[in-house]
Amino acid sequence: MKNTNRAVAISVLSLLIVVMLIPAAIAPPVGINVYGEVTDENGDPLQGDGTSTSDLVHLINDTDNSIICEIRIGEYYGSGTGKFYHTGETVGTGTFIYCRAWNAPSYEEATYSGDSPKIEVTGTGDYNFGAWQTLTTPAQPPVPDMPAMILFASGLVLVSMYFVYGRRKKGDKS
């Protein structure tokens, strides 16, 4: 009975992992460049010159809410423009992406954030997010993705099953 339960638990966990990996295997990755322009809650351009002290932008995979990369305002354009241009990221075709900007160099320091429109990646090339504002308060980082939460919960169930069935007395065969 004990070996059967372990085999079932391992099979279920393996199936969950495979199901989570299928979308990534189907979508071929392509190289993309992203750009946009962000203003703060007062309509002024976000500040930055592309360095680590510049206002923060994250490129986010909308499918699993994971951060693809960190971008800084002023990257490529220079300071005072509120614009950014970032190159060299790889994303699967069919993936929906968006940018989240903060009015500070980190989301811990920010008082406002704002999301760009979502765009579907259809192939290699440039993706323009247009202009948007940081109007949402309080600023929040992305939420953990659902597949990771499911995997974590599955692990907790498996550990619980191990302790429930693994701690039986050796003489108890039921």
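Here are the numbers:
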{"read-out": "Qualifying residue in region 82-89 (condition: among the hydrophobic types (A, V, I, L, M, F, W, C) and within 15 Å of ASP49 (Cβ to Cβ))", "value": "yes"}
{"read-out": "Residue satisfying condition, being surrounded by 17 or more Cβ atoms within 10 Å (Cβ to Cβ), in contact (Cβ under 8 Å) with a residue 40 or more places away in the chain, touching a Pro at 6+ places or on another chain (Cβ under 9 Å) and assigned to a strand (DSSP E or B), within set ILE97, ILE67, ILE60", "value": "ILE60"}
{"read-out": "Qualifying positions in region 87-115 - closer than 18 Å to TRP132 by Cα and under 17 Å from the mean Cα position of the chain (by Cα)", "value": "PHE96, ILE97, TYR98, CYS99, ARG100, ALA101, TRP102, TYR107, SER113, GLY114, ASP115"}
{"read-out": "From GLY50, GLY114, GLY92, residue being of a type outside the set (A, V, I, L, M, F, W, C) and within 21 Å of PRO28 (Cα to Cα)", "value": "GLY92"}
{"read-out": "Matching entry among THR136, THR122, THR90 (being of a type in the set (S, T, N, Q) and touching a residue at least 40 places away in the same chain (Cβ under 8 Å))", "value": "THR90"}
{"read-out": "The lone exception for GLU75 - which of (1) in a loop (DSSP other than H, G, I, E, B); (2) over 12 Å from GLY36 (Cβ atoms) it fails", "value": "(2)"}
{"read-out": "Hey, ASP115 modelled with pLDDT of 90 or more and among the charged types (D, E, K, R) or not", "value": "yes"}
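The values are calculated or read from the model by the stated rules, or taken from the named source; none is laboratory data. Just so you know, these numbers come straight off a predicted model, no measurement behind them. Ideal geometry is used to build each Cβ from the backbone, glycine not excepted, and the neighbour counts take in all protein chains shown.
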